1. Given a Förster radius of 35 Å and the C-beta distance between residue 250 and residue 59 as r, what FRET efficiency does 1/(1 + (r/R0)^6) yield to the nearest 0.05?
2. Comparing 139, 199, 107, which has the greatest mean-square fluctuation in the GNM of the chain with Cα pairs linked when under 10 Å apart?
3. When only alpha-carbon atoms are used, what values of Rg and Dmax, in angstrom, describe segment 52-125?
4. Please compute one quarter of the surface area of the Cα convex hull for segment 137-176 and express it in square nanometres.
5. I'd like the FRET efficiency for residue 206 and residue 101, computed as 1/(1 + (r/R0)^6) with the beta carbon distance as r and R0 of 41 Å, rounded to 0.05.
6. Where does the chain land on Rg/Rh, using Cα atoms and the Kirkwood Rh?
7. Assuming R0 = 41 Å, can you tell me the calculated FRET efficiency for the pair residue 48 and residue 193, based on Cβ-Cβ distance, to the nearest 0.05?
8. For the pair residue 29/residue 72, report the inter-label distance in nm, with labels modelled 7 Å from Cα in the Cβ direction.
């Protein structure tokens, strides 16, 4: 019998479908993986903002993860919104229990709309307990500035910041440059496995449809790792996928705020 390549997302639900669990599952499917989910919180949100967050109880999060891992398993795991210290501690323990190596963490703190998705007291737990377990983390500029402890304001700051966030070269860092004002986007990837800083350049797409871009990129990277790509290839394929998804979604209008990217651009326009 044939076997699927499997990818698991541990994150919050987005009722508007553009980010969170919904974006992750779309991305897994588009990138050739069988997607599964552990829902950590239910959010009420749309393209204009987040109006409510309802945390899932810890025992249910744990049972979701056990149900998936003891039966199907996962070739890669992506982690997004965890919301609280208690959830971070639980998920970290489960990552260790199941010895998950292909772990991609998007350190979600704030939604595209500006709404907070991580409690202030959970930032320390994220930095000390969970992020060191990752194979690669994918912070944007505001997230990296919080983790780095210093404002990142220019392209020249990125290589040093990426290295500094690598936990002494144990965790690779995909530092996204989208929040900078440069016309050309030059993300920086620090490959901790080869001790190398690699610039990844692309043209900026002028569009308000950026809801869920971070979720989508990290899920794409996880998908390609699940399919057997080496880390650098997974990073390049993931960036190529999100770039095309943004380009394809730029001409659509959904809602009245930041619309989503087009996850299935290869299948329909």
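1. After rounding, the FRET efficiency stands at 0.25.
2. 199
3. Rg, Dmax (Cα atoms, Å): 12.9, 38.
4. Seen from a random direction, the Cα hull of segment 137-176 projects 2.4 nm² on average.
5. Efficiency at R0 = 41 Å is approximately 0.60.
6. 0.93
7. Working from the Cβ atoms, E equals 0.55.
8. 1.3 nm
Read-outs throughout are calculated quantities, based only on the coordinates presented, and are distinct from any laboratory measurement. Predicted model, so just to flag it, every value in this text is computed and none were measured. No Cβ is skipped: glycine too gets one built from the backbone with ideal geometry, and neighbour counts run over all protein chains shown.
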